[in-house]
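These notes concern the structure reproduced below.
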Amino acid sequence: MRWIDTLEGAAAEKLPEAVHRYYRQGSAGGISVAEAVSAWSAYRFRPRVLQDVSAIDLRTTVLGTPVDTPVLVAPSTLQRLADPDGELAMAAGVKAAGSLLGVSSNAGTTFAELGATGVPWWLQIYIVRNRSITEQMLDAAVAGGAKAIVLTVDTPVVGRKEDEGPVVWSYVQPGQLRINVPKGDWSDDDLDKADDLTPDVIGRLHERTGLPVVVKGVLRGDDAKRIADAGAAGVIVSNHGGRQLDGSVSTAHALPEIAEALAGTSTELYVDGGIRRGEHILAALALGARAVFLGRPALWALAAEGAPGVTRMLTDLTEELEHTLQLVGVPRPVDLTPDLVVRP
Ligand code: FNR
């Protein structure tokens, strides 16, 4: 069996059932999470032949940051339930693979500690009702060396999970959560996600931090265009791993429309959700993504084998991508074009 495919099972053996289920689950009826992987697998390729594919180079930049691979790690919360060192172990694994780490605003490690690891990282942020909380978190992320701000926009309210099972929160130690929320006598209302955001928030985030702003959770071309026009440096096509609106279109299907909408702009395009193989990554890059993010596979690798597991997961997928590029006859990812892919 392919090593990457053993990771979820290995993680399940180590994790409390509630934690495994929390990582795995989608929202509501679980339709989007169930379709995510098969949507990528449904693409077919039209390979080129008699091309010199003896030297493949996967190094690239993401918003100006050099990375050795276009396979990056998506922000996810509760990583200390997978490994006692949580995000610090994830950061070590990602750094050794020459990749980049998305860090959840609900991380269990301070932004200062993350910065000290030397991994290139982007802060994922939810804007909460009390804007001064968000502003202080942004300032701390800038001080910790975050290279971009990822604004998650698919969560005006949190998706309904019908499969909570035993309560995952009982495994969370005091101090593991809200660790980056500034000290204060906040009410639940202060910390509730803002549900009144409009595109001008992008400019305000950039002004506050001086960092490029990436908008995560886009599934429509017209939205991507509005977001690019509002000054976003990047867009992540995402349905939050099927954890927000259930029945939302799979990212494999949404990507081409969004690539078309962003053509001719300088906004960089990324995608996540259900990406598990070199062939999936190749399809994503050919359809316009600059790099891809993986969520659950990084959690499974972290839980199963700690930081070295994360590194191996990323390098194995990078090698699969390299091999797939050779088979499809395109040595440089920048030369991948949509005509290599047949849509289902
Ligand atoms: C997430 N994701 C997520 N996204 C985000 O913007 N902020 C967050 O705090 C989290 N937390 C989180 C926890 C867990 C357990 C999972 C599985 C996911 C979504 C994540 O960034 C990404 O969009 C998806 O995980 C990508 O899909 P795959 O690769 O998991 O299929």
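The values are calculated or read from the model by the stated rules, or taken from the named source; none is laboratory data. None of these values were measured; they are calculated from a predicted model. Glycine also receives a Cβ, built like all others from the backbone with ideal geometry; neighbour counts cover every protein chain displayed.
The figures follow:
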| read-out | value |
| --- | --- |
| Matching option when the condition is of a type outside the set (S, T, Y), at pLDDT below 95 and surrounded by 20 or more Cβ atoms within 10 Å (Cβ to Cβ), among V150, V172, V168, V119 | V168 |
| Test: residue in the range 203-223 that is surrounded by 21 or more Cβ atoms within 10 Å (Cβ to Cβ), touching a Phe, Trp or Tyr at 6+ places or on another chain (Cβ under 6 Å) and part of a strand (DSSP E or B) | no |
| From the options P174, P182, residue that is more than 16 Å from the ligand (Cβ to nearest atom), within 22 Å of L88 (Cβ to Cβ), in contact with a helix residue (DSSP H, G or I) (Cβ under 6 Å, 6 or more places away or on another chain) and not in a helix (DSSP H, G or I) | P182 |
| Test: residue in the range 250-263 that is within 14 Å of the ligand (Cβ to nearest atom) and under 13 Å from the mean Cα position of the chain (by Cα) | yes |
| Residue check for T69: touching a residue at least 12 places away in the same chain (Cβ under 8 Å) and under 23 Å from S238 (Cα atoms) | yes |
| Checklist (1) in contact (Cβ under 8 Å) with a residue 60 or more places away in the chain; (2) not in a helix (DSSP H, G or I) applied to D196, failing item | (1) |
| Given (1) touching a strand residue (DSSP E or B) at 6+ places or on another chain (Cβ under 9 Å); (2) more than 12 Å from the ligand (Cβ to nearest atom); (3) outside any loop (DSSP other than H, G, I, E, B), index of the condition E113 fails | (1) |
| Residues (in a helix (DSSP H, G or I) and basic (K, R)) located in the range 277-328 | R296, R312 |
| Criterion violated by D229 - all others in (1) more than 16 Å from the ligand (Cβ to nearest atom); (2) touching a residue at least 60 places away in the same chain (Cβ under 8 Å); (3) not hydrophobic (A, V, I, L, M, F, W, C) satisfied | (2) |
| Search result, residues across the range 7-36 that are outside any helix (DSSP H, G or I), crowded, with 23+ Cβ neighbours inside 10 Å and touching an Asp or Glu at 6+ places or on another chain (Cβ under 6 Å) | S27 |
| Residues of the range 278-321 satisfying the condition of being within 12 Å of the ligand (Cβ to nearest atom) and among the basic types (K, R) | R296 |
| Enumeration of residues in the range 15-32 that are more than 9 Å from the ligand (Cβ to nearest atom), under 17 Å from L302 (Cβ atoms) and charged (D, E, K, R) | R21 |
| Flag for A252 being within 19 Å of D339 (Cα to Cα), in contact with a helix residue (DSSP H, G or I) (Cβ under 7 Å, 6 or more places away or on another chain) and not in a loop (DSSP other than H, G, I, E, B) | yes |
| From E268, E257, residue being farther than 27 Å from E322 by Cβ, out of contact with any His (no Cβ under 8 Å at 6 or more places or on another chain) and surrounded by fewer than 23 Cβ atoms within 10 Å (Cβ to Cβ) | E257 |
| Positions within the range 298-314 being under 17 Å from the mean Cα position of the chain (by Cα) and either at positive phi or surrounded by fewer than 22 Cβ atoms within 10 Å (Cβ to Cβ) (or both), in sequence order | T311 |
